[in-house]
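Handing you a structure now.
Here, each number is a calculation from the coordinates, and none is a lab measurement. Since the model is a prediction, treat every value here as computed from it, not as a measurement. Positions of Cβ are backbone-derived with ideal geometry, glycine not excepted, and every protein chain shown enters the neighbour counts.
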Amino acid sequence: MEKDVKTGSIEMTAAMLISGTIGWFVLASGQPVIDVVLWRCLFGALTLLAICAALGHFRGGILTWRLFGLAVLGGVAIVVNWLFLFGAYSRSSISIATMVYNTQPFMLLAIGGLFFKEKITATKLAWLGVAFAGMVAIVRAKPAGDFTGGDYLTGIAMALAAAFFYALAALVAKRLKGTPPHLIALIQVVTGLLMLVPFAGASGLPTEAFQWGLLVTMGVVHTGLMYILLYSAIQKLPTHLTGALSFIYPVAALAVDRIAFGHLLQPVQLLGSAAILIAAAGMTFGWTWPRRLRHQAV
């Protein structure tokens with residue numbers, strides 16, 4: 001058991017570090033966002049096809065038509081999520097887009113309360129208030145020199161939209177319990193490929209080997225390998241440890257943005273980002289507030 005936890009922790013850490021670098025690959029490729037997502041889907045599909053075949057996931061009886069339809073629906077949500085998130089990088093910076101994207105738990109909270117009548121407690125509302133305060137701080141902050149006001153706000157809105165569609169994909173994934181995760185991922189990227197083929201490629205094919213290298217890496221490493229590591233880790237780790245290690249992702253994204261592009265969060269943006277991450281951690285781990293504050297929240 002202890003060995004499984006150690007191995008799972010290493011796998012989860014690697015998966016989150018890989019995820020944290022994707023912003024650099026997106027921007028360094030110099031390709032339109034829709035083309036980046038298309039190539040990610042293509043190379044990811046080829047990788048996951050080989051993995052699923054090796055694992056024997058194509059045998060009969062694994063997937064019903066209902067589960068297949070849900071996987072396709074989740075694929076639409078996850079691909080739209082990628083389009084919005086990748087589009088946010090160039091408008092608000094990798095750092096800000098990633099921090100705003102980490103409002104995902106609150107998107108799940110809102111969707112669960114509105115459509116599935118899930119109970120929203122005073123503690124969850126209090127954490128939502130902290131995250132909202134962080135969002136306000138980020139929105140009101142003066143954009144860094146590389147970003148204009150209009151683009152900055154558009155980037156924040158796109159990151160929020162990405163978080164919403166990720167939450168939708170997560171809700172669909174809950175209904176796919178027991179289905180091989182790599183097969184789900186394969187269906188998702190093939191769905192994305194079919195969605196985007198009619199619209200991508202207007203700017204032509206990449207001309208540099210370096211660009212092709214980045215696009216292949218996003219498909220093979222950021223999609224195929226990352227899914228293997230992530231799902232393997234989830235199977236080995238307790239939920240609280242999975243949640244804790246998931247916060248490596250935004251920290252890695254901050255570091256990549258700073259090292260690769262020299263972007264440093266301003267004090268107000270830093271405070272807002274910290275508020276969002278603390279609130280997300282509170283939601284993830286079920287942290288409670290002091291009794292007096294809980295009564296005030298109610």
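Please work out, to two decimal places, the log10 of the ratio I(q)/I(0) at q = 0.19 Å⁻¹ from a Debye calculation in which every Cα of the range 139-282 carries one identical scatterer.
Debye output, listed in q order: -1.54.
Let me ask something else about it. If each of Ala274 and Ala50 carries a label point 7 Å out from its Cα toward its Cβ, how far apart are those two points in nm?
Between Ala274 and Ala50, the simple spin-label model gives 4.5 nm.
Compute and list, largest first, the equivalent-ellipsoid semi-axes of the range 45-119 from the alpha carbon gyration tensor, each √(5λ) rounded to a whole angstrom.
30, 21, 10
Output needed for the chain: three equivalent-ellipsoid semi-axes, defined as square roots of 5 times the C-alpha gyration tensor eigenvalues, in descending order, whole Å.
For the chain, the ellipsoid semi-axes come out as 30, 26, 18 Å.
Relative contact order of the chain: what whole-number percent is it, with Cα pairs under 8 angstrom and at least 6 residues apart? It would help to have the intermediate numbers written out before the result.
Details: 390 pairs, mean separation 130.3, N = 298.
With pairs under 8 Å counted, the relative contact order is 44 percent.
Okay, moving on. In debye to the nearest 20, how big a dipole does the chain give about its Cα centre with +1 on each Lys and Arg Cβ and -1 on each Asp and Glu Cβ?
1100 debye
Expressed as a whole number of Å, what is the distance separating the alpha-carbon centroids of the range 184-217 and the range 238-287?
Rounded to whole Å, the Cα centres lie 29 Å apart.
Report relative contact order for the range 107-255 in percent, whole number only (criteria: Cα-Cα under 8 Å, sequence separation at least 6).
Relative contact order of the range 107-255: 20 percent.
Sum up the charges of everything whose Cβ sits under 13 Å from the Cβ of Trp82, counting Lys and Arg as +1 and Asp and Glu as -1, but leave Trp82 out.
0
Add -39500 (n - 2.57) for each DSSP H run of 4 or more in the chain, then divide by its residues: what number comes out at 222 nm, to the nearest 500 deg cm²/dmol? Each step should come with its number before you reach the end.
Working: 15 runs with 227 residues, N = 298.
Here the helix-only value at 222 nm equals -25000 deg cm²/dmol.
Related question: Within the P(r) computed for the range 1-106, what percentage of the Cα pairs occupies the region above 24 Å? Mind showing how you got there, number by number?
Working: 2355 of 5565 pairs.
Cα-Cα pairs in the range 1-106 separated by more than 24 Å: 42 percent.
In addition: Taking the range 101-180, which trypsin sites (Lys or Arg not before Pro) meet the DSSP loop condition and have no more than 10 other C-beta atoms within 10 Å?
When the trypsin sites (Lys or Arg not before Pro) of the range 101-180 are filtered for loop state and at most 10 Cβ neighbours within 10 Å, Lys117, Lys119, Lys177 remain.
Still on this structure, please answer the following. Quick one: pull the percentage of alpha-carbon pairs in the range 200-298 with a separation above 15 Å. Can you show the working numbers first?
On the way: 3785 of 4851 pairs.
Result for the distance tail: 78 percent.
Here is a follow-up. Please state, to two decimals, what the Cα-based radius of gyration of the range 236-283 comes to when divided by 2.2 N^0.38 Å (N = residues).
Compared with the compact-globule rule of thumb, the range 236-283 sits at 1.34.
What does the net charge come to around Leu241 if you take all other residues with beta carbon closer than 15 Å to its beta carbon, with K and R at +1 and D and E at -1? Provide the component values of the computation, followed by the final result.
Numbers: positive: Lys3, Lys6, Lys236; negative: Glu2, Asp4, Glu11.
Net charge in that neighbourhood comes out at 0.
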